[in-house]
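Take a look at the structure set out below.
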Amino acid sequence: LIKAGVHAPYSCQQGFCGTCRVKVLAGAVDHRDGLLTETERQAGQALICVSRAQGDGPLTLDL
Ligand code: FES
């Protein structure tokens, strides 16, 4: 996102501060953070500094 010029706030870049938290509008997330609860993940939140799309599927993020 940063390389593409998209404004995406971040801090730790390691999945524990929550600064990069976004709402996922569509797609399946491979969560790699150590912060979000299962409830937050099920609610469609993701920490995009470390998490990514599962498989080849795209993610639609509410930036
Ligand atoms: S930048 Fe800290 S969790 Fe993503």
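The values are calculated or read from the model by the stated rules, or taken from the named source; none is laboratory data. None of the values given here were measured: they were computed from a predicted structure. We place every Cβ from the backbone using ideal geometry, glycine too, and count neighbours over all the protein chains shown. Heads up: the accessible areas ignore ligands, DNA and RNA and are worked out on the full protein's heavy atoms, side chains in. Shrake-Rupley method; radii C 1.70, N 1.55, O 1.52, S 1.80 Å.
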State which residue pairs qualify: first residue under 10 Å from Val50 (Cα atoms) and open to solvent by 20 Å² or more (accessible area, probe 1.4 Å) and inside the range 12-25, second residue of a type outside the set (S, T, N, Q) and in a strand (DSSP E or B) in any location, beta carbons under 9 Å apart, and separation of 6 or more residues or different chains.
Phe16/Leu47
Of all the strands (runs of 3 or more DSSP E) wholly in the chain, which have at least 3 residues that are modelled with pLDDT of 95 or more and within 12 Å of the ligand (Cβ to nearest atom)?
45-47
Search the range 44-58 for residues that are open to solvent by 20 Å² or more (accessible area, probe 1.4 Å) and pair each with any residue that is aromatic (Phe, Trp, Tyr) when their beta-carbon atoms are under 6 Å apart and the residues are at least 6 apart or on different chains.
Cys49/Tyr10
Failed condition for Glu38, given (1) open to solvent by 80 Å² or more (accessible area, probe 1.4 Å); (2) closer than 17 Å to Asp62 by Cα; (3) out of contact with any Gly (no Cβ under 9 Å at 6 or more places or on another chain), with all others met?
(2)
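Going by the conditions given, is Gln14 closer than 18 Å to Ile2 by Cβ and over 9 Å from the mean Cα position of the chain (by Cα)?
Working: closer than 18 Å to Ile2 by Cβ: yes; over 9 Å from the mean Cα position of the chain (by Cα): yes.
Yes; evaluated as a whole, the condition is true for this residue.
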